[in-house]
Amino acid sequence: MAFFELRLFRKGVSMNILGELRSRFATILAGYTDRPGEFLAQIHTSQDDRFGDYQADFVMPLAKQLGRKPREFAEELLRHLDVSEIAHPPEIAGPGFINFRLRDDYLERILEEILTDCRLGVVPAAKPETIVIDYSAPNVAKPMHVGHIRSTVIGDALCRTLRFLGHRVISDNHIGDWGTQFGMIIYGYRHFLDREAYHEHPVQELARLYRLVRQLIDYQEGLKKRQELERQLAENEASLNQLRAQSEGASEAERKKIAKKLRQVESQVIKLRDDLAEVCAKINAVERDDRLSRIAKEHPDIEQKVLQETAKLHAGDPENLRLWREFLPHSLDEMNRIYQRLGIQFDFTLGESFYHDRLGPLVEDLLKRGIARESEGAVCIFFPDIDTPMIIRKQDGAFLYATTDLATLCYRMETWKPDAILYVVDFRQSLHFRQLFAVARRLGFDRVKLAHVSFGTVLGEDGRPFRTREGDTVGLESLLNEAVRRAAEIVNANDDAKPGGPELLPEERRRIAEVVGIGAIKYADLSQNRTSDYVFSYDKMLAMTGNTGTYMQYAYARIQNIFAKGGVNVETIRQLGGRIILKHPAERALGREIVRFPEAIDLVVEDYRPNQLTAYLFGLANRFSTFYENCPVLQAGNAEERQSRLLLCDLTARVIRQGLELLGIEVVNKM
Ligand code: ARG
């Protein structure tokens, strides 16, 4: 475990204070338990500054295990613990918490160390690992939408952070380039192509064909679903009325029971109405449009036909393969343009098609090894502890998403021999990954760490999955454009309002708006607890106050502005170096936060949560604000104090910039 390692530095100062405290306790706890890690994990930063800087919460559980009185036990532990050069004498609080307050001179020394450390105190991993990160992975040829943002942005932040820690990270974009969407486009191409448009702007025309075929399939499906939904709705409405009638004459106790049932049925009715409305909207969209309804009539079996086109492609039909080869580069260009704008690069883009030839042999191998077996004509893998089997070959011989993912896993293991593979994928696929990981173990890959880094849904302000007013998912590109447009408004207004008149050239304004707009979108996503859903709001994400990317970029620019105003050359300040003095409480609070940067990074990688870093950066920026309000920098009392405060400003800016960089977000000097 990383925090056992003593992290000693040139002057014998460890820059990861939490790690240092833990390692000192580790030696002592070894005498009491053979699982010290679990208890050491209960040493953390104090929630409230009043209780000091760190607190150890493990005394009570450990004392209980040992049958000791907690406070007494705490005293005994403290007799063995020497942290005198780090902290004031630790205090035992309440039933047995231990509180630590760092010594100011210790903090000052660490800050002085960090001044000359380009890693800002973050120590490279003692044992670098090979980590494959599977993220973004859109299904190409469909336009990218807001749902793709999460995987892309979280995955990228994890890549950057793990790389910064010295791991060998391999990013692999497992794009969906072999799925039914190609059957749809091939069908569309054969029947609905606008040649001129395709020639002019192939990507747009292919996207149009995709949407058209999708719409027609949705229509046919909708007709079937509508009947079924109407039937269910009528049924539920009937039982609603029945329950209401029952409730009238019932006793108090009975009524309570009925009320509970009523609520269930009511919510079922609401859901059915919603679903029905959605289906009807899709049907109406076609029926209201003469051209569309004519096409729909001419292609009544489009769903089947599309499946056949996909099957032909998979079977190696030369014409469909040719079309696939023709379409794919266009989709990839489109996708790469968005990645470029987002500043995202992959080491590999091995999509589903890459594994196609491996699927047949893989299934045979799994059958031979007894891992899979035939069931009702299909090939399945069954699990003792998971109800649903994993189907890897359908009755008709087709392979599935799961088959490809198994082949991908084998390939990655053989090619890169990773210590870990992280899948940054929507929570809805959690069953799939549980199954996949279970099969991996049976295949003998028992040492690799496999993690489904799952995330929730992006919601609109109505609390439902984010869509356009027309009910389509929102295209990623238009999302970026809108954020940048709004960022431009803010940048322009800020610049126009500058006391000495505007300072930015039009070109600078545009560039800043791009950085601020894209940064806002990324930060809004990364600052969420990844497992929860979140509501997408341009206004909130671009707010100049609160935990937003814009606020962080503003905090950075503000510091650069201090330097500019004072005619201070940062390089000179750095070369001059000197002492850091933490006299004012706001100075100390800021310094104390700066040295926590390595801890924040550790928290990010512990459970793959970039929001640990945004939360830290937000706290840092707030402490900087308080510092700046209370401690004059350019007008400091004397030269030594001025230099110390300038260094604190510079350190803050460096941590913000480095932190944002790990999140894939750029900074600007002015905004
Ligand atoms: N293309 C898939 C989707 O859009 C995501 C793929 C994730 N990666 C994986 N190895 N399964 O749902």
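The values are calculated or read from the model by the stated rules, or taken from the named source; none is laboratory data. Quick caveat, the model's predicted, so the values are computed rather than measured. So basically every Cβ, Gly included, is an ideal-geometry build from the backbone, and we count neighbours across all protein chains shown. To get the accessible areas, we keep the full protein, side chains included, count just its heavy atoms, and leave off ligands, DNA and RNA. Shrake-Rupley method; radii C 1.70, N 1.55, O 1.52, S 1.80 Å.
If you go through segment 163-205 and keep only what is within 16 Å of the ligand (Cβ to nearest atom) and among the polar types (S, T, N, Q), you end up with S171, N173, T180, Q181. Can you pull out every residue in segment 415-431 that is near the ligand (Cβ under 10 Å from one of its atoms) and not hydrophobic (A, V, I, L, M, F, W, C)? Passing the criteria: Y423, D426, R428, Q429.
N492 satisfies every condition listed in (1) in contact (Cβ under 8 Å) with a residue 24 or more places away in the chain; (2) not in a loop (DSSP other than H, G, I, E, B) except (1). If the condition is being out of contact with any Leu (no Cβ under 7 Å at 6 or more places or on another chain) and either open to solvent by less than 20 Å² (accessible area, probe 1.4 Å) or part of a strand (DSSP E or B) (or both), then segment 531-542 contributes S537, M541, L542.
With respect to F427, is the statement that it is out of contact with any helix residue (DSSP H, G or I) (no Cβ under 7 Å at 6 or more places or on another chain), within 22 Å of D134 (Cα to Cα), modelled with pLDDT of 95 or more and open to solvent by 10 Å² or more (accessible area, probe 1.4 Å) true? When the stated conditions are applied, F427 passes them.
Exactly one residue out of T161, T130, T152 is modelled with pLDDT of 95 or more, over 29 Å from L313 (Cα atoms) and crowded, with 20+ Cβ neighbours inside 10 Å: that is T161. If the condition is being assigned to a helix (DSSP H, G or I) and either on the phi > 0 side of the Ramachandran plot or open to solvent by 10 Å² or more (accessible area, probe 1.4 Å) (or both), then segment 600-615 contributes D602, L603, V605, E606, D607, N611, Q612, A615.
Restricting attention to segment 94-114, the residues being touching a residue at least 40 places away in the same chain (Cβ under 8 Å) and open to solvent by 30 Å² or more (accessible area, probe 1.4 Å) number 5. Taking each residue of segment 413-433 that is closer than 13 Å to F445 by Cβ and looking for partners that are assigned to a strand (DSSP E or B) and within 8 Å of the ligand (Cβ to nearest atom) with beta-carbon atoms closer than 8 Å, six or more apart or interchain, yields I421/D134.
Check segment 543-554 and report whether any residue there is in a helix (DSSP H, G or I), open to solvent by 50 Å² or more (accessible area, probe 1.4 Å) and out of contact with any His (no Cβ under 8 Å at 6 or more places or on another chain). Yes; the residues of segment 543-554 include at least one that is in a helix (DSSP H, G or I), open to solvent by 50 Å² or more (accessible area, probe 1.4 Å) and out of contact with any His (no Cβ under 8 Å at 6 or more places or on another chain). The residue pairs whose first member lies in segment 336-354 and is more than 16 Å from the ligand (Cβ to nearest atom), whose second member is open to solvent by 20 Å² or more (accessible area, probe 1.4 Å) and assigned to a loop (DSSP other than H, G, I, E, B), and whose beta carbons are closer than 8 Å, counting only pairs six or more residues apart or on different chains, are G343/E666. The residues of segment 435-449 that are more than 14 Å from the ligand (Cβ to nearest atom) and either farther than 16 Å from W416 by Cα or open to solvent by 40 Å² or more (accessible area, probe 1.4 Å) (or both), listed by number, are A438, R441, R442, L443, G444, F445, D446, R447, K449.
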